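For reference, the structure discussed in these notes is given below.
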Amino acid sequence: MDEKLKNKISTPALIIDKKKLEYNIKLMANFAKENSINLRPHVKTHKCPTIGQMQLKAGANGITVAKVSEAEVFAKNGFDNILIANEIVSEEKIVRMLGLAKSKTIIVAVDSEKNIKDLDRLSQKYNTELNILIDIDVGLGRTGVKPGKPALQLGRLVDKSPFLNLKGLMAYEGHLSFIKEEENRKIETNKCMKLVIDTKELFENEGLDISIISAGGTPTYKYTGKYPGITEIQPGTYVFMDHHYAPIVPEFEIALTILTTVISMPSKRMATLDMGSKSVYLDGYPKFIESNKIKAQLITEEHCQISYKEIELKIGNKIQAIPPHICPTVNLYDFFTIIENDEIIDRWEISARGKIL
Ligand SMILES: Cc1ncc(COP(=O)(O)O)c(C=O)c1O
């Protein structure tokens, strides 16, 4: 980033390099097209309708969210075909979700009988129908019913529920994200997808017709998206990337950085930045564009103390940090600053920022 440009920006700030963002969006959309698979990006990464629109324009078929409040923001901004890839169990949230389902296609994940019964009862009360995916646990151990018969049992219950439409299956293989060796990641992903497709066959043998099999994140999209029978992938992080994922999927560009300012020089070869835990989510420490020359040593609420070598820094210098985990970092900010050809060209609101309900 050009020094003159850096000086125009108040820090800490989230900076999007628009060309790199467009490159990442296109790369994933082209992968989906070439492999005849639907793309339903997880928008919890950017929480920004402007970026969601870019993904749709590039070929995405719908979006994925984690929260009803995220769905509300995107629905209000004109989005349809929204998968809430999470269990929504409290009555207040179910009722809000049904409010959205009156005018939008809403799909929600389930993994328990109680939840299915509550969704059906409330859908009847509010005279709306909901589309359902059975969430299958393929090894993450977070949500989801076991594949095979336990999933089939829930499928039968949804099928019998007058106000619920059984649409298909969902599986998120997030426990495989950090397998470094590509071939192993592929083998393990294929094992997970086999569990899903075997379950799909059980459904079909019973005459339960399903049309959506949704799975996949950024580190596994290449394998999930090519597995026969999977109908859509739901990656999120690929739009921006972060330093956790960069070595795993190096084909994507680092499109988002945090611009931060040196505000103090406490001792020799040490500097303090205005980027604390309120401006970068501490899933590990951030790295820096000049990664081998600058190292984060300690981060507190408002400050990051760095050591540096082979470069000179002075108070007021601005440097670019690469967060370890981009999604919760984005959630700390109100807007992105958009740059292209060393110019600030726009500012995009992170409209679903803080939407955790
Ligand atoms: C259910 C689900 N699907 C998809 C994703 C997207 O994963 P990634 O950000 O690795 O692309 C996530 C991420 O947490 C997720 O929880």
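The values are calculated or read from the model by the stated rules, or taken from the named source; none is laboratory data. This one's a predicted model, so the numbers in the text were calculated from it and none came from an experiment. Quick reminder, even Gly has a Cβ in these numbers, built from the backbone with ideal geometry, and neighbours come from all protein chains shown.
Of note:
- Among the residues making up the range 167-195, a single one is aromatic (Phe, Trp, Tyr) and either surrounded by 16 or more Cβ atoms within 10 Å (Cβ to Cβ) or part of a helix (DSSP H, G or I) (or both): Tyr172.
- Count of the range 1-35 residues, restricted to those that are within 19 Å of the chain's Cα centre (by Cα) and polar (S, T, N, Q), is 2.
- Selection count where residues are assigned to a strand (DSSP E or B) and more than 18 Å from Gln320 (Cβ to Cβ), scope the range 263-296: 5
- Selected residue [in contact with an Asp or Glu (Cβ under 8 Å, 6 or more places away or on another chain), buried (at least 19 other Cβ atoms within 10 Å of the Cβ) and in a helix (DSSP H, G or I)] from Thr220, Thr260: Thr220
- Any hit, the range 227-238, residues being more than 16 Å from the ligand (Cβ to nearest atom) and over 24 Å from Ile51 (Cβ atoms): yes
- Screening the candidates Gly155, Gly207 for the property of being of a type in the set (Gly, Ala, Ser), out of contact with any Leu (no Cβ under 6 Å at 6 or more places or on another chain) and farther than 29 Å from Glu251 by Cβ yields one hit, Gly207.
- Positions within the range 29-41 being of a type outside the set (Gly, Ala, Ser) and more than 14 Å from Tyr223 (Cβ to Cβ), in sequence order: Asn30, Lys33, Glu34, Asn38, Leu39, Arg40, Pro41
- Residue in the range 63-75 that is in contact (Cβ under 8 Å) with a residue 60 or more places away in the chain and over 20 Å from Gly99 (Cα atoms) present: no
- From the list Lys33, Lys8, the one residue that fits, being in a loop (DSSP other than H, G, I, E, B) and either surrounded by fewer than 18 Cβ atoms within 10 Å (Cβ to Cβ) or touching a Ser or Thr at 6+ places or on another chain (Cβ under 6 Å) (or both), is Lys8.
- Residue ID - nearest to Leu14 (Cα to Cα), chosen from residues in the range 50-82 that are buried (at least 19 other Cβ atoms within 10 Å of the Cβ) and touching an Asp or Glu at 6+ places or on another chain (Cβ under 8 Å): Met54
- Flag for Gly207 being more than 16 Å from the ligand (Cβ to nearest atom) and on the phi > 0 side of the Ramachandran plot: yes
- Checking each residue in the range 138-147 for being buried (at least 21 other Cβ atoms within 10 Å of the Cβ) and either out of contact with any Leu (no Cβ under 8 Å at 6 or more places or on another chain) or over 15 Å from Glu87 (Cα atoms) (or both) picks out Val138, Gly144, Pro147.
- Odd one out for Glu251, checked against (1) touching an Asp or Glu at 6+ places or on another chain (Cβ under 9 Å); (2) within 16 Å of the ligand (Cβ to nearest atom): (1)
- Within the option set Lys287, Lys314, being of a type outside the set (A, V, I, L, M, F, W, C), farther than 30 Å from Ala71 by Cβ, free of Cβ contacts under 8 Å to residues at least 60 places away in the same chain and crowded, with 17+ Cβ neighbours inside 10 Å holds for one residue only, Lys287.
- Against the conditions (1) more than 16 Å from the ligand (Cβ to nearest atom); (2) of a type in the set (Asp, Glu); (3) at pLDDT 95 or above, Glu290 satisfies every one except (3).
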